[in-house]
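*Asks:* Below you will find the structure I want to go over with you.
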Amino acid sequence: MRILLITPPLTQLNTPYPATAYLKGYYTAQGYEVRQVDLGIEVADRVLSREFLQSIGLTEQARLIEPVKRFLRGQDDTLGPRIANRSLLPEGKRFEQLDDDNLEWSFGVSGTTDKALHLATLFIEDIADYIRENIDSHFDLVRYAEYLSNDAPTFDPLYAELQQEPSVIDRMMLEVLEKECKECKECEECKECKTIDKVCITVPFPGCLYGALRCGQWLKAHTQAIIEIGGGFPNTEWRQLSDKRIYDVCHEVVIDGCREADQYCPDFSDLPLDKYLSLTEMTNPMHRLWSQGRWNKMVMVHGCYWHRCAFCDTSLDYIGNYRAPKATTVVDHMECIMEQTHRTGFHFVDEALPPKLLREVAEEILKRGLAVSFWGNIRFEKAYTAELCDLLAEAGMVAVSGGLEVASDRLLKLIDKGVTIQQTVEACRHLRDAGIMVHTYLMYGFPTETLQETVDALETVRRMFDEGIVQSAFWHRYAMTCHSPSGLNPEAYGARRVTLEPNPFCNNEVDWEPQFDYDIEAVGAALRLATYNYMNGLGLDQPVRSWFPIRVPKPTFYSKSNSYTSF
């Protein structure tokens, strides 16, 4: 059997999404002939080309796009100083948002390359904005027609769009797809053309769904291949799918398929690794780490070793079904991937890296004398002692991200997070002292959360930034999902679901009745504004109440001192 694996537009542009690489490793081990294609980077390369930009009237950008791409690919660093001094690139609307003082604070004189990457990214984003506003309203750099897939109870809007003529970007994508289907190997003996027998399309995010459906539509009309659609989005959204029109564009929807695929070493060898672009949209250090550089994405374990958090989709296989390999297997896979990609940086995309296995992996890395860098998600628990953090840093850990979530001990207990604020603070201190960057995810608007608790949460975050034990943070509003403990049993968390019957198309986030006696939207905006300033070293000495446009209570704890020994 000959299998084609597809990642549709668009995910990250700096590195391949690993789903097809894992599937290729698995299918190859079963004896199949397998190819993979990242349509996202292929389409982006065609859009960001001299020929296309000239055709849509962006003459000046067309002149510069190829050297800028070489710079963003790390193929011509000498262009950096000209970009950084702002004498080369045309500056559109994205540049109007620049704060020169903040730019200098973020990058300084010694950060010429990083500053140039940021400015070059704004140049690329200006082009993307122009295309979206004038050529194809679906287009974006890291997503495609996402608004059609986000919170889509019915298939009607997507289905109606699929009945329209393909857009100019659609046609680019389908031209690449057709080329991939026609490229075939010749049998050495009979010269027989080998056609594709099965096409597997992964849909990790909503911003990939429209592209996946367009591909499936074309494949059904022009090939005899069996077409399967799976991945993170179907696994969460389509478990109760009842609209049969989806089978107009595929033969099978795969839920929890190839569960054992992540036990095999991923195979990136046939992806065009020299085409990926290192982008720096924001000065946020964790966002820069996420989008800058071609990290090898890899899974250490399957599922989450804790899988109890009330807001998380713990009933699904990818979280609730925990399996861990041996440390030697993990490092074997790392060495194999390094041979394929010639890159030594790894982003472990696990839900939460288990501390015990992480220790064993670090020891194995040091035992083999490997020079690697790695980062990933953790839980801020007491296992992260000073000794363990020093060991991880010595082995190559450069950053972690983890959830402080509601930043209230009452609420942390309610959501069964399994950590306290004090434990989180101590873990962050040990990570900071070992030289490991810390990013924390934060949540507001959980059922029963009071305005006082929200203000206290921001005060906690302010103190952590002021002490330097976190360098990056992001707030998101709580969303109730039908696969989480809080969605399956909302009354246990002081909430009530509004909708109980499943939708015919997508089912994940569900409506519930929030009972907040304050303006939750204004609170969310204040949290994000304050934290953005904290990340830039600003506003740390002003009362947290000053960030809110509404009347809020004082935090229950506050100190002007920069020396915090206990929370």
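*Asks:* Taking region 364-384 on its own, how many of its residues are basic (Lys, Arg), touching a helix residue (DSSP H, G or I) at 6+ places or on another chain (Cβ under 7 Å) and assigned to a helix (DSSP H, G or I)? First the steps, then the outcome.
*Replies:* Our first condition is that a residue be basic (Lys, Arg); within region 364-384, this holds for 367-368, 379, 382.
So of that shortlist, the ones also touching a helix residue (DSSP H, G or I) at 6+ places or on another chain (Cβ under 7 Å) come out as 368, 382.
Those left that are additionally assigned to a helix (DSSP H, G or I): 368.
Result for region 364-384: 1.
*Asks:* Further, regarding this structure: Can you name every residue in region 244-258 that is at pLDDT below 90 and out of contact with any Phe, Trp or Tyr (no Cβ under 9 Å at 6 or more places or on another chain)?
*Replies:* Gly257
A quick yes/no check of all residues on (1) farther than 21 Å from Arg368 by Cα; (2) out of contact with any helix residue (DSSP H, G or I) (no Cβ under 9 Å at 6 or more places or on another chain); (3) outside the structural domain of Trp475 (by TED's automatic domain parsing):
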residue: Trp290; (1), (2), (3): yes, yes, no
residue: Asp313; (1), (2), (3): yes, no, no
residue: Asp317; (1), (2), (3): yes, no, no
residue: Met338; (1), (2), (3): no, yes, no
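*Asks:* Go through (1) crowded, with 20+ Cβ neighbours inside 10 Å; (2) within 17 Å of Pro16 (Cβ to Cβ); (3) among the polar types (S, T, N, Q) for Thr314 and report which single condition fails.
*Replies:* That leaves (2) as the condition not met.
*Asks:* Which condition number does Leu13 fail, the rest of (1) in a loop (DSSP other than H, G, I, E, B); (2) surrounded by fewer than 18 Cβ atoms within 10 Å (Cβ to Cβ); (3) in contact with a Phe, Trp or Tyr (Cβ under 8 Å, 6 or more places away or on another chain) being met?
*Replies:* (2)
*Asks:* For Asp101, indicate whether it is assigned to a helix (DSSP H, G or I), at pLDDT below 90 and out of contact with any strand residue (DSSP E or B) (no Cβ under 6 Å at 6 or more places or on another chain).
*Replies:* Values: assigned to a helix (DSSP H, G or I): yes; at pLDDT below 90: yes; out of contact with any strand residue (DSSP E or B) (no Cβ under 6 Å at 6 or more places or on another chain): yes.
The answer is yes for Asp101.
*Asks:* Next question, about the same structure. Output the number of the condition that Tyr493 fails; it satisfies all remaining conditions of (1) closer than 21 Å to Val438 by Cβ; (2) in contact with a Ser or Thr (Cβ under 8 Å, 6 or more places away or on another chain).
*Replies:* The single condition Tyr493 does not satisfy is (1).
*Asks:* Kindly check whether there is at least one residue in region 67-76 that is surrounded by 22 or more Cβ atoms within 10 Å (Cβ to Cβ) and either part of a loop (DSSP other than H, G, I, E, B) or touching a Lys or Arg at 6+ places or on another chain (Cβ under 7 Å) (or both).
*Replies:* No.
*Asks:* Also, I was wondering about something else. From the list Asp332, Asp350, exactly one residue is surrounded by 16 or more Cβ atoms within 10 Å (Cβ to Cβ) and acidic (Asp, Glu). Which is it?
*Replies:* Checking each option against the conditions leaves just Asp350.
*Asks:* Go through region 307-333 and count every residue that is closer than 17 Å to Tyr441 by Cβ, aliphatic (A, V, I, L, M) and part of a loop (DSSP other than H, G, I, E, B).
*Replies:* 1
*Asks:* Scan (1) farther than 30 Å from Asn536 by Cβ; (2) modelled with pLDDT of 95 or more; (3) of a type outside the set (Phe, Trp, Tyr) for the single condition His302 breaks and write down its number.
*Replies:* His302 satisfies every listed condition except (2).
*Asks:* Looking only at region 151-161, decide whether some residue is at pLDDT below 95, surrounded by fewer than 24 Cβ atoms within 10 Å (Cβ to Cβ) and either closer than 19 Å to Val37 by Cα or among the β-branched types (Val, Ile, Thr) (or both).
*Replies:* No, there is no match, as no residue in region 151-161 is at pLDDT below 95, surrounded by fewer than 24 Cβ atoms within 10 Å (Cβ to Cβ) and either closer than 19 Å to Val37 by Cα or among the β-branched types (Val, Ile, Thr) (or both).
Quick grid of which residues meet (1) over 22 Å from Thr420 (Cα atoms); (2) out of contact with any His (no Cβ under 8 Å at 6 or more places or on another chain):
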| residue | (1), (2) |
| --- | --- |
| Ala473 | no, no |
| Asn507 | yes, yes |
| Asp511 | yes, yes |
| Phe516 | yes, yes |
| Asp519 | yes, yes |
| Thr531 | no, yes |
| Gly537 | yes, yes |
| Gln542 | yes, yes |
| Ser546 | yes, yes |
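*Asks:* Still on this structure, I have one more. Output the number of residues of region 484-529 satisfying the condition of being within 30 Å of Gln542 (Cα to Cα) and under 28 Å from the mean Cα position of the chain (by Cα).
*Replies:* Final tally of qualifying residues: 10.
*Asks:* If I filter region 353-373 down to residues being surrounded by 20 or more Cβ atoms within 10 Å (Cβ to Cβ) and without any contact (Cβ under 8 Å) to a residue 60 or more places away in the chain, which single residue comes out as farthest from Tyr318 (Cα to Cα)?
*Replies:* At the first step, the residues of region 353-373 found to be surrounded by 20 or more Cβ atoms within 10 Å (Cβ to Cβ) are 353-354, 358, 361-362, 365.
Imposing the further condition that a residue be without any contact (Cβ under 8 Å) to a residue 60 or more places away in the chain reduces the set to 353-354, 358, 362, 365.
Details: Leu353: 14, Pro354: 15, Leu358: 19, Ala362: 24, Ile365: 27 Å.
Going through the qualifying residues, I end up with Ile365.
*Asks:* Based on what the data block shows, is Val406 buried (at least 21 other Cβ atoms within 10 Å of the Cβ), under 26 Å from the mean Cα position of the chain (by Cα) and more than 24 Å from Asp267 (Cα to Cα)?
*Replies:* yes
*Asks:* What's the number of the condition Val43 fails, among (1) surrounded by 21 or more Cβ atoms within 10 Å (Cβ to Cβ); (2) under 21 Å from Ser269 (Cβ atoms); (3) under 24 Å from the mean Cα position of the chain (by Cα)?
*Replies:* (2)
*Asks:* Within region 499-536, can you find the residues that are assigned to a loop (DSSP other than H, G, I, E, B), buried (at least 17 other Cβ atoms within 10 Å of the Cβ) and among the hydrophobic types (A, V, I, L, M, F, W, C)?
*Replies:* Hits for region 499-536 are Phe505, Cys506, Val510.
*Asks:* Need a quick list: strands (runs of 3 or more DSSP E) entirely within region 193-306 having at least 3 residues that are buried (at least 22 other Cβ atoms within 10 Å of the Cβ) and without any contact (Cβ under 8 Å) to a residue 24 or more places away in the chain.
*Replies:* Output list is empty.
The values are calculated or read from the model by the stated rules, or taken from the named source; none is laboratory data. Computed from a prediction, not measured in an experiment: that's the story for all the values here. We place every Cβ from the backbone using ideal geometry, glycine too, and count neighbours over all the protein chains shown.
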